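These notes are about the structure you will find just below.
The values are calculated or read from the model by the stated rules, or taken from the named source; none is laboratory data. No experiment lies behind these values; they were computed from the predicted model shown. Cβ placement follows ideal geometry from the backbone for every residue including glycine, while neighbour counts extend to all protein chains displayed. Just so you know, the surface numbers come from the protein's heavy atoms only, side chains and all, with ligands and any DNA or RNA stripped out. Shrake-Rupley method; radii C 1.70, N 1.55, O 1.52, S 1.80 Å.
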Amino acid sequence: MEKSDEEKIVIVGGGICGLATALALHRKGVESIVLEKSEKLRATGACIIMQPNGWRALNQLGIASKLRQTALPIQSGHYITVKDGKHTDLPVGNGGECRCLRRSDLMKTLAKELPPNTVRFGCKVVSIKVDANTSAYSILHLHDGTMLMPRVIIGCDGVNSVVASIVGLNSSRHFSTCAIRGVTHYQTLHPFGTAFYLFDKDGVRLGLLPINHNDVYWFLTRKLTSTADSMVSKDQRLIKDSTVEAIKGFPNHITEMINNSDVDFLHLTDQIRYRAPWDLLRTKFCKGTVTLAGDALHAMAPFLAQGGSASLEDAVVLARCLSQNMGIALDPTGMKAARAALDQYAKERKMRVFWLSLETFVVGTMHDTSALLVRGLCIITLIILFRDKIANTSYDCGRL
């Protein structure tokens, strides 16, 4: 790779957020490149639940209509306690659009809309030098010795972000809960229609959502068993066996669904990681002209299914801020414009991602018996003091 020129924005990480940020910038006529350490597009996990706020962001990116053709709308939700068979209706998307997308469909659609050579594969960032007090450009060092000097660096490199440590965010934490995800294909129509189902028994929760008329995405959460789960996560057949063991006593058609799941799409996360919401409050979102987006900024456990939608919001807001500020006059280096843009981005996103992260944290601690005191304090805080601020799917990231 050649040394980048000083006009370029470099995005570290070619996952959903990195690709969406590059596309949002492209829609605004702003050039960027994406550095992805793997050798090809890599979608970790089988599917992603896209909430109404995520669809608003996809509309702004210009790809919502294409993705709607790949997934059914989820029109109802049902909570079932296995022991007594009691059914309770669950709200889905607060009446807005909710669908379950294959991650590969989303990433391929994002990538296809980008200009050629926007994504550079096999590019691992090993260090970043930032001078936050001068107009000097940041310096990116890659594993092959390449040195880049972009005007702006955007860290979209996930929960184990290299860029986050530069900005000053504390390391992510983890719940004592693990998650298993999979997809089951039905030769004939599956029996779930367009409904989301959540089954609950003795601390084991299994949820499922139709992708289309023949494919169903399912996920299971249960207490982490430490070393055993770490070993199981490396063998997909063991993942299936452990899932079947965990759902003993569940309805037969659910057990059958797990037994018939595609082994290639099974994934066990033995440590559900998250950014502590208080870290987001006390940390700046940027250092110099380096900032963060997506899981690198606000890694969330999957309990609200908002991580992907929030990342798309980041992409739209960040691209809008950069495009609005890049034309500042009397700024030959562009550093003043870049700092103004990132400050505006941080101002718009800080409380939004804080509330999302706090709500996710509270829901997560309700399943985590090692955090009873924290759970109680957070629930009291949310319900009594801040009930009008709790994150919801009606949020609109605004126009690109």
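What nm value, rounded to one decimal, do you get for the distance between Ser176 and Asn214 when each label is placed 7 Å out toward the C-beta?
So the two model labels end up 4.4 nm from each other.
Considering the dipole of the chain built from charges on the beta carbon (Lys and Arg +1, Asp and Glu -1) around the Cα centre, which of Gly307, Ala71, Cys286 is farthest to its positive end?
Towards the positive end, the residue furthest out is Cys286.
Apply the Karplus parameterisation 6.51 cos²θ - 1.76 cosθ + 1.60, with θ equal to phi minus 60°, to every residue of segment 91-102 and state each ³J(HN,Hα) to the nearest whole Hz, in sequence, with x for glycine and proline.
Going residue by residue, I get x, 10, x, 6, x, x, 6, 9, 9, 10, 9, 5 Hz, with x marking Gly and Pro.
Helix-only mean residue ellipticity at 222 nm, the chain, DSSP H runs n ≥ 4 weighted -39,500 (n - 2.57), per residue, nearest 500. What is it?
My calculation for the chain gives -10000 deg cm²/dmol from helical runs alone.
What is the Cα radius of gyration of segment 176-270 over 2.2 N^0.38 Å, N being its residue count?
In units of the 2.2 N^0.38 Å rule of thumb, it is 1.02.
Could you sort Glu36, Glu359, Glu256, Glu348 by accessible area so the largest value comes first, with the probe set to 1.4 Å?
Glu256, Glu348, Glu359, Glu36
If I build a Gaussian network model for the chain, linking alpha-carbon pairs within less than 10 angstrom, which residue out of Val167, Val232, Val290 has the largest mean-square fluctuation?
Maximum among the listed residues: Val232.
What residue among Lys112, Lys223, Lys37 shows peak mean-square fluctuation when the chain is described by a Gaussian network model with Cα springs under 10 Å?
Lys112
Please enumerate, by chain and number, the lysines with C-alpha under 20 Å from the C-alpha of Lys350, excluding those fewer than 8 residues away in the same chain.
Cα-Cα hits under 20 Å: Lys284, Lys287, Lys389.
Mind checking which of Thr269, Tyr197, Thr177 is farthest towards the positive end of segment 176-270's charge dipole, using Cβ charges of +1 (Lys, Arg) and -1 (Asp, Glu) about the Cα centre?
Toward the positive end, the furthest listed residue is Thr177.
Take segment 91-224, compute every pairwise Cα distance, and split them into 10 Å bins from 0; I just need the percent in each bin.
Taking every Cα pair in segment 91-224, the percentages come to 9, 24, 26, 22, 15, 3, 0.
So for segment 2-112, Kirkwood radius off the Cα pairs, Stokes-Einstein at 10 °C and 1.306 mPa s: how many µm² s⁻¹?
98
With all protein chains present, how much of the accessible area of segment 176-270 (probe radius 1.4 Å) comes from carbon and sulfur, to the nearest whole percent?
Roughly 52 percent, rounded to a whole number.
Keeping every protein chain present and rolling a 1.4 Å probe, give me the accessible area per residue for segment 17-139 in Å².
47
For segment 176-270, what is the accessible area per residue in Å², given a 1.4 Å probe and the full set of protein chains?
Using a 1.4 Å probe on heavy atoms only, each residue of segment 176-270 averages 46 Å².
Listed here are the pairs Lys124/Lys240; Lys223/Lys248; Lys112/Lys234; Lys37/Lys108; which of them are more than 21 Å apart at the Cα?
Lys124/Lys240; Lys112/Lys234
With unit charges on the beta carbons (Lys and Arg positive, Asp and Glu negative) and the dipole taken about the Cα centre of segment 55-162, which residue among His141, Val159, Thr88 sits farthest to the positive side?
Of the options given, the answer is Thr88.
Most mobile of Ile211, Ile258, Ile11 per a Gaussian network model of the chain (Cα springs, under 10 Å)?
Result for the chain, Cα springs under 10 Å: Ile258 fluctuates most.
Taking the Cα centre as origin and putting +1 on Lys and Arg beta-carbons and -1 on Asp and Glu beta-carbons, what dipole magnitude results for the chain, to the nearest 20 debye?
Once rounded to the nearest 20, the dipole reads 500 debye.
Considering only protein heavy atoms and a probe of 1.4 Å, how much of the accessible area of segment 1-138 is carbon and sulfur, as a whole percent?
Exposed carbon and sulfur together represent 46 percent of the surface.
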